[in-house]
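Read through the structure below, which is laid out as structure tokens, and then see the notes.
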Amino acid sequence: MKKELEPSLLAFDLKKIDLQIREIKQLGLKSIHYDVMDNIFVPNTAFDTEWLDLIKSNNLSCSVHFMVKDPLNWIKRFIKYKSIYAITFHPEAVSKQEAKEILTFIKSHKILAGVAIKPYTNHKKYEDLIELSDIITIMGVEPGFGGQKFIEEATLKNLKYVSELKKKKKTKLIIQLDGGVNLEIIKKTYKFVDNFVSGSFFMKQENKKEILKLINEI
């Protein structure tokens, strides 16, 4: 299975966003990673719905990662946008039952649904939610800010656990790695990951096509 790379909108220069989105499309990439932060669940704010129509108008899609205290209300505002192919949220923000209901709600709109796992989250606590998910966002850093260093030991533990669970259950679960992703990290995690999210590392590259070529050659 070919590995996908999603550039993170957090690393875009919003003054040149039209140009950068067109560049992403010209590179043959299919989607953009779209972070939403409420300054409550994490100490930062990020995007509302303002860029979703622009992404759609360029025939690109996006996976939306909600780092918010009240995920259902946020998701209800986003769910009508046709550019969204997947939504993940942090299960710590709600009860187990609420999380299950949110996953069901997302899926009812024909959108891939899943939970996001922080490096030091007790993944076993949320095994039932992982099994209900279509996509899992494994965080390589603590959520809230771009450009952080990869937390290797804890993240690899989470990746291995979810990867084994995927094999055991024989599901089509998409494992997405988000945070601190560069070529070195891609090489270390390649066999566990389907979809890499890269912000600062990828967007600052002069020759992005060469980076994509190197990823495909791993």
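What to note about this one:
- If only residues of the stretch 21-69 that are of a type in the set (Asp, Glu) and either touching a Ser or Thr at 6+ places or on another chain (Cβ under 9 Å) or outside any loop (DSSP other than H, G, I, E, B) (or both) are counted, the one that is farthest from Asp178 (Cα to Cα) is Asp53.
- Any hit, the stretch 22-29, residues being surrounded by fewer than 21 Cβ atoms within 10 Å (Cβ to Cβ) and under 19 Å from Asp134 (Cβ atoms): no
- Once the stretch 11-20 is narrowed to residues that are part of a helix (DSSP H, G or I) and of a type in the set (A, V, I, L, M, F, W, C), the residue that is nearest to Asp48 (Cα to Cα) is Leu14.
- Residues in the stretch 164-180 that are within 17 Å of Lys2 (Cβ to Cβ) and within 16 Å of the chain's Cα centre (by Cα) were compared, and the one that is most open to solvent (accessible area, probe 1.4 Å) is Ile174.
- Those residues of the stretch 32-56 which are under 15 Å from the mean Cα position of the chain (by Cα) and open to solvent by 10 Å² or more (accessible area, probe 1.4 Å), in sequence order: Ala46, Phe47
The values are calculated or read from the model by the stated rules, or taken from the named source; none is laboratory data. On a predicted model such as this, the values are computed, not experimentally measured, just so you know. Reconstructed Cβ throughout: ideal geometry from the backbone, glycine too, with neighbour counts over all protein chains shown. For the accessible areas, the whole protein counts, side chains as well, though only heavy atoms, and no ligand, DNA or RNA atoms are used. Shrake-Rupley method; radii C 1.70, N 1.55, O 1.52, S 1.80 Å.
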